[in-house]
1. Using helices alone, I'd like the mean residue ellipticity at 222 nm for the chain: each DSSP H run of four-plus residues gives -39500 (n - 2.57), total over residue count, nearest 500.
2. Within 10 Å of each residue's Cβ, count the other Cβ atoms and sort 145, 158, 54 from fewest upward.
3. Within 10 Å of each residue's Cβ, count the other Cβ atoms and sort 12, 64 from fewest upward.
4. Over the chain, what is the mean sequence separation of C-alpha contacts under 8 Å (at least six apart), divided by residue count, expressed as relative contact order in percent?
5. State whether region 1-100 is rounded, prolate or oblate according to the following rule on the C-alpha gyration tensor (a ≥ b ≥ c being the square roots of its eigenvalues): a/c under 1.5 gives rounded; otherwise a/b larger than b/c gives prolate, and the remaining case gives oblate.
6. Once each part is reduced to its C-alpha centroid, what is the distance from region 1-40 to region 128-153 in angstrom?
7. Only counting other Cβ atoms within 10 Å, I'd like 155, 122 sorted with the fewest neighbours first.
8. Would you mind classifying the chain by shape? Square roots of the alpha carbon gyration tensor eigenvalues, ordered a ≥ b ≥ c; an a/c under 1.5 is rounded, otherwise it is prolate if a/b is larger than b/c and oblate if not.
């Protein structure tokens, strides 16, 4: 029997409104993550995180959605797996820990909370830059001076893919290279 390997997981954090460049890039990022074989973690609570999940699903990807409430969302929720945690805003810790890296798009207070938690737990941060919002300032203003994890900015899905490669998240082991037990 050939052992299976966990797909790398990437969280999509943040917020951006429909019609904005950041929103469009969020959708493109979700689709690219799926096409690269990465699992997308998204709360789907903001337009940007929801469009990333929708586009990832349309591309055939796996989407895990960790939602703050205790009840399952409506049937059209854009996720392969839904985890209603019943923790409210404390859910932000689960989001921060669920990814091997965290993409940050725009953002408000909830996003800042998730970013700080990801930083404390040494998760690489990939902020979208050049589109406005809080993520624009993250490369020059990390959460603190500790340099807990890399901050790798991106401005296009090609740049995002390059940063994911730099983190080693794109080189999945192939079954032919896996030793048999």
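Quick note: the coordinates plus some simple rules give every number you see, no bench work behind them. None of the values given here were measured: they were computed from a predicted structure. Here the Cβ positions follow ideal geometry from the backbone for every residue, glycine too, while neighbour counts run over all protein chains shown.
1. Mean residue ellipticity, 222 nm, calculated: -9500 deg cm²/dmol.
2. Arranged by neighbour count, lowest to highest, 145, 158, 54 become 145, 158, 54.
3. On the way: 12 29, 64 19.
Least to most surrounded, the residues fall as 64, 12.
4. Working: 402 pairs, mean separation 38.3, N = 181.
Relative contact order of the chain: 21 percent.
5. Details: a/c = 1.63, a/b = 1.08, b/c = 1.52.
Oblate, because a/c is 1.5 or more while a/b does not exceed b/c.
6. Taking the Cα centre of each part, region 1-40 and region 128-153 sit 19 Å apart.
7. The fewest-first ordering by Cβ neighbours comes to 122, 155.
8. Verdict is rounded for the chain.
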